[in-house]
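The structure under discussion appears below in the form of structure tokens.
The values are calculated or read from the model by the stated rules, or taken from the named source; none is laboratory data. All values derive from a computational prediction rather than experimental measurement. In this analysis, Cβ positions are derived from the backbone assuming ideal geometry, glycine residues included, and neighbour counts consider all displayed protein chains. All accessible areas refer to the heavy atoms of the entire protein, side chains included, with ligands and DNA or RNA removed. Shrake-Rupley method; radii C 1.70, N 1.55, O 1.52, S 1.80 Å.
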Amino acid sequence: IELPRAFYAPVANLEPMCIFSVYTNEGFPGLHYYFQEAFGVDLSGIFFTDMDDFVALVDDALPQGVQVMGDAGGIGWFHGEDLLAYLRDNDNNWGWCEYYDCEGRQFRVARALALAFTDYLREDPISAAAIGLARWQGLFQSDLSTLAPYVYLAEYGWAYVSQPWLEPEFYHLTLSGQVTQSKMGETPLPALGWIAAPGADLPAWFQGFVG
């Protein structure tokens, strides 16, 4: 589920701020508290990477580049910086689109990376986690123990590559205040711009997708 970085939902005992400012101001504990209060979700753990490390990860792990597919075939092969630019294209994300990322680039890249990284998951989750820890530990920040985020991701990825019927589903909250699902169209959510409207039941909405 993709939440816009400028999304805002009022949370008791936190200064009014968009979601991207919560970590800056409150750290990992603030993010745990925010997701529990705003969405009714207990996070197992948090890890993230910044833009420079995203480029480094893609180029190191996938030196041949990443093939991004569109509805009518291949869009192209991308290396790290080009892939980041493709994701952050302001014309697509904010310009002519009637809602954020109307071309679904986030979804296309997420699928492309999931498929490209399957080569690291051919043995078992623990081996894959060891590769991640040895090669890319410095590219992530996390509140989990050193190995835990890699084991978690590897187990999730292992399920993905070992069960052909398993198709990940991607959702994001759009500028129009709706939730877009890559295959099922749009489901309305009571929101105003990026700001959750009074009376919006965000926990019910969130659990409706992940429950």
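Being acidic (D, E) and open to solvent by 70 Å² or more (accessible area, probe 1.4 Å) is the filter here, so list the residues in the range 37-56 that pass it.
E37, D42, D50, D52, listed by residue number.
Anything in the range 20-36 that is open to solvent by 20 Å² or more (accessible area, probe 1.4 Å) and among the β-branched types (V, I, T)? List them, or say none.
T24
Could you tell me which residue of the range 68-104 is modelled with the lowest pLDDT, considering only residues that are of a type in the set (A, V, I, L, M) and not in a helix (DSSP H, G or I)?
A72
Return the residues of the range 25-57 that are assigned to a loop (DSSP other than H, G, I, E, B) and aliphatic (A, V, I, L, M); say none if nothing qualifies.
V41, L43, I46
Quick grid of which residues meet (1) at pLDDT 70 or above; (2) out of contact with any Phe, Trp or Tyr (no Cβ under 7 Å at 6 or more places or on another chain):
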site: Q137; (1), (2): yes, yes
site: Q163; (1), (2): yes, yes
site: L166; (1), (2): no, no
site: E169; (1), (2): no, yes
site: L175; (1), (2): no, no
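For the list (1) modelled with pLDDT under 85; (2) farther than 26 Å from R88 by Cα; (3) of a type in the set (G, A, S), I need the number of the one condition that A6 fails.
(2)
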